[in-house]
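The values are calculated or read from the model by the stated rules, or taken from the named source; none is laboratory data. Only a predicted model underlies this, so the values are computations on that prediction, with no experimental measurement involved. Every residue, glycine as well, gets a Cβ built from its backbone with ideal geometry; the counts of neighbours run over all protein chains shown.
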Amino acid sequence: MIDALFGSKTRVKLLYLFLNNPGQSFYVREITRKIGEQINSVRRELANMISVGIIVSDSSDNKLYYQVNQQYEHYLALSSIFGDASIKIADQVIEKSKEPIGVETNYISLLKQVPNIRLAVLSGSLVRGSVAPIDLLIVGGVTAPKLKTLIDGIESSEGREINYSVLPYDEFYYRLSVKDKFLTEVLKSKHVVAVDEDNILEKQ
């Protein structure tokens, strides 16, 4: 029924994809895999949605990427229909639970199970609304095999590579104390603290 209201099944699937992943970009073949529609149909609907203004495109590494335009005048209204992670009241995002919007809670559980992680911060494309330069910050003495298993699991779930950084605790603490630009960008953007063994971020 909603297909008829919004024009086509492909368009509805695209709206669900983009409106539940603000700040995240997708290329055409990635989109076709995620929504299970033919590439010609996807290309046609993407062109329609760009002309309306609900999505924008940008090229990188010889690929054209698409993402939702959060400045679009009807963005909040459409998010209230297609965004299944939150409700909108008086133009404000009201979260249904204490878990931040867009965060995969299984990632938090996964990170808590990895030995020697003293701090783990989810951000970037893993957190809805984040504009941080990385998706995952890990602090501690994680062994290479454990780190590879962790990253492989997240990337497999996401269907793409993620940007992550691993820092020894002493280096992290020093960079935090001198207000390092990189850490400041991550922590000032929307993020989720999955692990904080020493409650160091609560003291900031």
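Numbers for the structure displayed
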{"quantity": "Residue in segment 77-87 that is touching a Leu at 6+ places or on another chain (Cβ under 6 Å), within 22 Å of G129 (Cβ to Cβ) and modelled with pLDDT of 90 or more present", "calculated": "no"}
{"quantity": "Some residue of segment 134-149 being at positive phi and of a type in the set (G, A, S)", "calculated": "yes"}
{"quantity": "Extreme residue, farthest from D135 (Cα to Cα), among residues of segment 162-196 that are out of contact with any helix residue (DSSP H, G or I) (no Cβ under 6 Å at 6 or more places or on another chain), of a type in the set (D, E, K, R) and surrounded by fewer than 18 Cβ atoms within 10 Å (Cβ to Cβ)", "calculated": "D170"}
{"quantity": "Residue in segment 46-58 that is farthest from F18 (Cα to Cα), counting only those that are under 19 Å from the mean Cα position of the chain (by Cα) and of a type outside the set (A, V, I, L, M)", "calculated": "D58"}
{"quantity": "Condition check for I2: more than 22 Å from the chain's Cα centre (by Cα), at pLDDT below 90 and exposed (fewer than 14 other Cβ atoms within 10 Å of the Cβ)", "calculated": "yes"}
{"quantity": "Residues (exposed (fewer than 12 other Cβ atoms within 10 Å of the Cβ) and modelled with pLDDT under 90) located in segment 37-73", "calculated": "D58, S59, S60, D61, N62, Q71, E73"}
{"quantity": "Answer from R43, R33 - the residue that is outside the structural domain of S125 (by TED's automatic domain parsing), part of a helix (DSSP H, G or I) and over 21 Å from the mean Cα position of the chain (by Cα)", "calculated": "R43"}
{"quantity": "Filter result for the condition that a residue is among the small types (G, A, S) and within 22 Å of R160 (Cα to Cα), over G53, G23", "calculated": "G23"}
{"quantity": "Verdict on L126 being among the hydrophobic types (A, V, I, L, M, F, W, C) and at pLDDT below 90", "calculated": "yes"}
{"quantity": "Which listed residue, of D196, D180, D135, is under 27 Å from N21 (Cβ atoms), modelled with pLDDT of 90 or more and over 17 Å from the mean Cα position of the chain (by Cα)", "calculated": "D196"}
{"quantity": "In segment 39-59, the residues that are out of contact with any Ser or Thr (no Cβ under 7 Å at 6 or more places or on another chain) and among the polar types (S, T, N, Q)", "calculated": "N40, N48, S51, S57, S59"}
